[in-house]
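The values are calculated or read from the model by the stated rules, or taken from the named source; none is laboratory data. Fair warning: this is a prediction, and the values are worked out from it, not measured in the lab. Note: ideal-geometry Cβ built from the backbone for every residue, glycine included; neighbour counts use all protein chains shown. For the accessible areas, the whole protein counts, side chains as well, though only heavy atoms, and no ligand, DNA or RNA atoms are used. Shrake-Rupley method; radii C 1.70, N 1.55, O 1.52, S 1.80 Å.
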Amino acid sequence: MCRLALKSADTPFSPYEILTAMEAMQEGYDGSGLGLLLRGVGFTDFNYQPDQIILSGIAHTEAALQRLNSFMGARGYELKYDHAMEVDSSLIEARDRFKYLIRVYKVPNRDGLSRDQFEDQLMQTRLTLRKDGEDHGGDLTVFSFWPDVIMIKEVGWPLQIGNGLGLNDNRIKARVIMAQGRQNTNYGINLYACHPFFIQGISTMTNGENTAFVPIKEWLIGKNIPGYTGYQSDSEVFTHILHYVTRKLHLPLAAYKHIITPLKTEELDVHPQGDFLKGLRTSCRRLIIDGPNAVIATLADETCMLVMDHKKMRPATVGGKPGVWAIASEMCGIEAIVPDRDTSLDFQPMREHTVIIPPDRKELVIWSQSDPFTLPQAA
Amino acid sequence: MVSVRSIYTTPSSLTYSDLPWIIQHREDRCTLCGHCTSVCPVQAIYLTYRRQRMPKLDILQKKRGNEYRHFVGIRQRTNIEKKCIGCGMCSMVCPNEAIGPVPNPNEQRAIFHLNQKGEAWKRGGRRNMPGRTTLDRIVFDRISMLTDPALDAGRHEFNLNTILGRILPPEEYIRRHTAGEWIPPTREIFPFVIGSMSFGALSPNMWLGLLQGVAYCNEVLGIPVVMATGEGGCPPWVLKSPFLKYIILQIASGYFGWDEIIRAIPEMQCDPAAIEIKYGQGAKPGDGGLLMWFKVSKLIARLRGVPEGVDLPSPPVHQTLYSIEESVMKMIQTMSMAFGFRVPVYPKISGSTSAKSVLNNLVRNPYAGGMLIDGIDGGTGAAYNISLDATGHPIASCLRECYLDLVAQGRQNEIPLFAAGGIGKNGNVTQNGMALIMLGASGVHIGKYIMQATGGCLGNEMGRCNVCNTGICPKGITSQNEKLFRRLDPDDVAQRVADVFMSIRTEMKKIMAPLGRSQSLPIGMSDALGINDADAAKRLQIRYIC
């Protein structure tokens, strides 16, 4: 079973803090992997500007690193900072790790590209690098290539990986960190199969099993949208659905839950936007997930979200106080991340709720699926 | 005494051991009540006086002579038109279990003589192909057990319904909704649909029972079952009733019954569930509907607008049209318009290697509300035996191929595919239907299963009964003869409809729960399927298991 933890705080903190919190949730967890995503990042060795692009990944061989260098150089990406991790390889299970990549590039001249075109270009660069690695026997792994996002994925026990990668040195800090412990449910062990998943500023991680994976995957692939690839894990579709809902359909975040776990017809019959939502449910029928799942997401503006599949029996929890919030798959995870909170305000969303931690981190927003939502352009 | 040489035999003279069914009669139990002979739909048996000679030889008195015993017994006729059909009604009515048909295990010669008077053998029923079908061999093998406690079929909430009707891609749906443009009609229905059996093929009591049962499923049990009429219209009282919303009206190449339907439109209280345009039928591809004269009663003649007692063969295709492309386009648009663009309209075609071309045509027709493919194992009220047995395409691979074609185009949600033809022919209706759903069908149509399960049809895969075409159905299911159909009480049929759909609903949950599915019907969930046949697995692109 995956263990998930997210912390969002006004004051940047070290990823190691989350890893220690994950120890609290170690029961029932097999320690097969770790995935981290950091937003609102800062380095002690480098004055990072939030619009600079960060490449995260692993070069498994020296040749791969050289190919990466020449590829990026040829496309005009100027390397501004190359974060050197203090790696203790005795603590890392895998042997083929030549260099962990956290590299900051200067934004190249956009040459009149619109924002969308530029963002497509960033994604295409990531996909090309990933393909290049796959074409060379998997010697280059690229998790993200995006402003203000660092991703780290590795096989093993989370805290041990943190120690092995020297994450306890406080040289990297962030305002939002997502962490997931476990490699993969149901499918093979693969670095790309580890949550969180990332596409164009949108990231999700999940615990649970998505039994509707194959039909959803087939539908997403059929859309021919660049970036809708991979699918080494059944949870990757959650990220792409969120991307599709917000960036392709331009629907508000509240629509996400209506698409992945729509209300029943009887419930929609009395919903103020029932007519629109029934049609949306039909049109997006292939995106209905079948969990149980808890989906935790973060967006480029540092918004965090928790959505529960309506049959999840062991709900994830959100808790905290103004300025510091945590979402975790187990209540003890919240306790470890924000111990000095009012526990009576902890919230466990059930079948109809979506919880949002807005970028200002002042208070939680809780949406019920039976409430109307703002949809001026459509409803 | 008659000499053997002078016994007249014709080429088609048969004896009882040449027939497919042999009547076994126990004289020691028979009370000579005559129930069996009067109930036999083909007069295969008759009561007769027999004389038995008992040779008598008194050796001491050197006298020879005969004594004769006279008795009354049941005998089997051996002429082709009165051969026993194995229906077993004789055993059903016999008070003493004295009589019954048994299948002839020998190669029976009757098969060579069924084509009498220049007519090829026609019959009702289905393809007589006993044994497990490909669908019967598919198992659901992806059991969800890695995460939270598995689903409980008895306690969790399941969404089992499907969608019939054209579905827009999400981007287009939102655009049209915003702009206030037309959005194609859809229906949320139970994925097991009572397939097309016409009012004409079925007796009034059977039809009424089905409709009562369907209404009960919808209004009391909350199972949104719909039923299709088949060609031949619909009684005017139904057209003008609120039950019309549970009915898919079929238009076929004979256009029978459509005068009544069109005339009833202004008085309809609600819209029908859908309109089905029949281009082909799995049991007899390339052949039109056939209602033989025996069944064209006064009521049927009125509904169809024809004289009584004439054969009603529909043309194989919609004759007035130039090509299937034109036909599909014009008919779908015409029918959509007739019902104010509020009713899904879809074509039904027979399973065929050319099904994909029709499908690709439909994908480009914005009014097409789905596609129903009917496989070779489908049933029919009347067809030539050759068509039933040897013409057509099994449903599994045809459906799968069409679904994967839609997947490749990213259109699998837009045109719902429905499958028919042999679903539940060996009784495994839910298993067969769910296998097809996971191969990509949005739902299935079931006809023969419904006749057997709700009407008590006696037909089977061994050629039993198969006389639906001649109007002599011994159970009164496919007869227009009041003396026969009064045997069937519509209330009993309705009760069986409710029994059948309640149990299908339970079995669906029992299949879906272990797979971890409850939120939506697992359409296209092919990763849950396995079959112990490597060739079939490869063809269907599912897992081979052994």
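Just for the range B:32-47: of the residues that are assigned to a loop (DSSP other than H, G, I, E, B) and open to solvent by 70 Å² or more (accessible area, probe 1.4 Å), which one is modelled with the lowest pLDDT? If you could, list the steps in order and put the result at the bottom.
Initial filter on the range B:32-47 (assigned to a loop (DSSP other than H, G, I, E, B)): B:32-34, B:40-44.
The next check asks that each one be open to solvent by 70 Å² or more (accessible area, probe 1.4 Å); those that pass are B:32, B:43.
Details: B:Leu32: 90, B:Gln43: 96.
Among them, the one singled out is B:Leu32.
Keeping to the range A:289-310, report how many residues are surrounded by fewer than 20 Cβ atoms within 10 Å (Cβ to Cβ) and at the interface with another protein chain (Cβ under 10 Å from one of its Cβ atoms).
First, the residues of the range A:289-310 that are surrounded by fewer than 20 Cβ atoms within 10 Å (Cβ to Cβ): A:299-303.
After this cut, where a residue has to be at the interface with another protein chain (Cβ under 10 Å from one of its Cβ atoms) as well, the list is none.
Looking only at that region, the number is 0.
Give me a count of the residues in the range B:173-186 that are exposed (fewer than 14 other Cβ atoms within 10 Å of the Cβ) and either assigned to a helix (DSSP H, G or I) or over 38 Å from the mean Cα position of the chain (by Cα) (or both).
Of the range B:173-186, the ones exposed (fewer than 14 other Cβ atoms within 10 Å of the Cβ) are B:179-182.
Narrowing the set further to residues that are either assigned to a helix (DSSP H, G or I) or over 38 Å from the mean Cα position of the chain (by Cα) (or both) leaves B:179-181.
Selection size over the range B:173-186: 3.
Any chance you could count how many residues in the range B:424-436 are open to solvent by less than 10 Å² (accessible area, probe 1.4 Å) and either in a loop (DSSP other than H, G, I, E, B) or within 13 Å of chain A (Cβ to nearest Cβ) (or both)? Spell out how you get there, then give the answer.
Going through the range B:424-436, the residues open to solvent by less than 10 Å² (accessible area, probe 1.4 Å) turn out to be B:424, B:429-430, B:432-436.
Filter once more, so that each one left must be either in a loop (DSSP other than H, G, I, E, B) or within 13 Å of chain A (Cβ to nearest Cβ) (or both): B:424.
Qualifying residue count, the range B:424-436: 1.
Please state which of the following conditions A:Asp135 fails to meet, knowing it meets all the rest: (1) modelled with pLDDT under 95; (2) of a type in the set (D, E, K, R); (3) more than 19 Å from A:Leu37 (Cα to Cα).
If we test A:Asp135 against (1) modelled with pLDDT under 95; (2) of a type in the set (D, E, K, R); (3) more than 19 Å from A:Leu37 (Cα to Cα), just (1) comes out false.
Residues that are of a type in the set (A, V, I, L, M) and more than 21 Å from the chain's Cα centre (by Cα): list the helices (runs of 4 or more DSSP H) wholly contained in the range B:460-546 that include at least 3 such residues.
Details: elements: B:482-485, B:490-515, B:534-540.
Result: B:490-515, B:534-540.
Looking only at the range A:204-249, which residues are of a type in the set (S, T, N, Q) and within 13 Å of chain B (Cβ to nearest Cβ)?
Just the residues of the range A:204-249 that are of a type in the set (S, T, N, Q), to begin with: A:204, A:206-207, A:210-211, A:224, A:229, A:232-233, A:235, A:239, A:246.
Matches in the range A:204-249: A:Thr206, A:Asn207, A:Asn210, A:Thr211, A:Asn224, A:Ser233, A:Ser235, A:Thr246.
Which residues, counting only those in the range B:225-235, are on the phi < 0 side of the Ramachandran plot and under 20 Å from the mean Cα position of the chain (by Cα)? Break it down into steps so the answer makes sense when it comes.
From the range B:225-235, those on the phi < 0 side of the Ramachandran plot are B:225-229, B:231, B:234-235; that's our starting set.
Of everything in the range B:225-235, those that are on the phi < 0 side of the Ramachandran plot and under 20 Å from the mean Cα position of the chain (by Cα) turn out to be B:Val225, B:Val226, B:Met227, B:Ala228, B:Thr229, B:Glu231, B:Cys234.
Per-residue answers, yes or no, for (1) open to solvent by less than 20 Å² (accessible area, probe 1.4 Å); (2) facing another protein chain (nearest Cβ under 10 Å); (3) not aromatic (Phe, Trp, Tyr):
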{"site": "B:Gly165", "(1), (2), (3)": "yes, yes, yes"}
{"site": "B:Glu171", "(1), (2), (3)": "no, yes, yes"}
{"site": "B:Glu188", "(1), (2), (3)": "no, yes, yes"}
{"site": "B:Pro191", "(1), (2), (3)": "yes, no, yes"}
{"site": "B:Ile223", "(1), (2), (3)": "yes, no, yes"}
{"site": "B:Met227", "(1), (2), (3)": "yes, no, yes"}
{"site": "B:Val238", "(1), (2), (3)": "yes, no, yes"}
{"site": "B:Ile247", "(1), (2), (3)": "yes, no, yes"}
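Out of curiosity, is A:Asp132 touching a Lys or Arg at 6+ places or on another chain (Cβ under 7 Å) and either among the acidic types (Asp, Glu) or not in a helix (DSSP H, G or I) (or both)? Don't jump to the end; show me each part of the working.
On the way: touching a Lys or Arg at 6+ places or on another chain (Cβ under 7 Å): yes; either among the acidic types (Asp, Glu) or not in a helix (DSSP H, G or I) (or both): yes.
Taking the combined requirement at face value, the residue satisfies it.
Right, B:Gly378: out of contact with any Cys (no Cβ under 9 Å at 6 or more places or on another chain), crowded, with 16+ Cβ neighbours inside 10 Å, small (Gly, Ala, Ser) and within 14 Å of chain A (Cβ to nearest Cβ) or not? Outline the logic, then answer.
Working: out of contact with any Cys (no Cβ under 9 Å at 6 or more places or on another chain): yes; crowded, with 16+ Cβ neighbours inside 10 Å: yes; small (Gly, Ala, Ser): yes; within 14 Å of chain A (Cβ to nearest Cβ): no.
No, not satisfied.
Please go through the range A:261-287 and pick out each residue that is open to solvent by less than 10 Å² (accessible area, probe 1.4 Å), under 27 Å from the mean Cα position of the chain (by Cα), at the interface with chain B (Cβ under 9 Å from one of its Cβ atoms) and not hydroxyl-bearing (Ser, Thr, Tyr). Don't jump to the end; show me each part of the working.
First pass over the range A:261-287, keeping only residues open to solvent by less than 10 Å² (accessible area, probe 1.4 Å): A:261, A:268, A:274, A:276-277, A:280, A:283-284, A:287.
Those still in the list that are under 27 Å from the mean Cα position of the chain (by Cα) too: A:261, A:277, A:280, A:283-284, A:287.
Right, trim to at the interface with chain B (Cβ under 9 Å from one of its Cβ atoms) and you get A:261, A:280, A:283-284, A:287.
Matches in the range A:261-287: A:Leu280, A:Cys284, A:Leu287.
Can B:Leu151 be described as crowded, with 19+ Cβ neighbours inside 10 Å, out of contact with any Lys or Arg (no Cβ under 6 Å at 6 or more places or on another chain), within 12 Å of chain A (Cβ to nearest Cβ) and at pLDDT below 95?
When the stated conditions are applied, B:Leu151 passes them.
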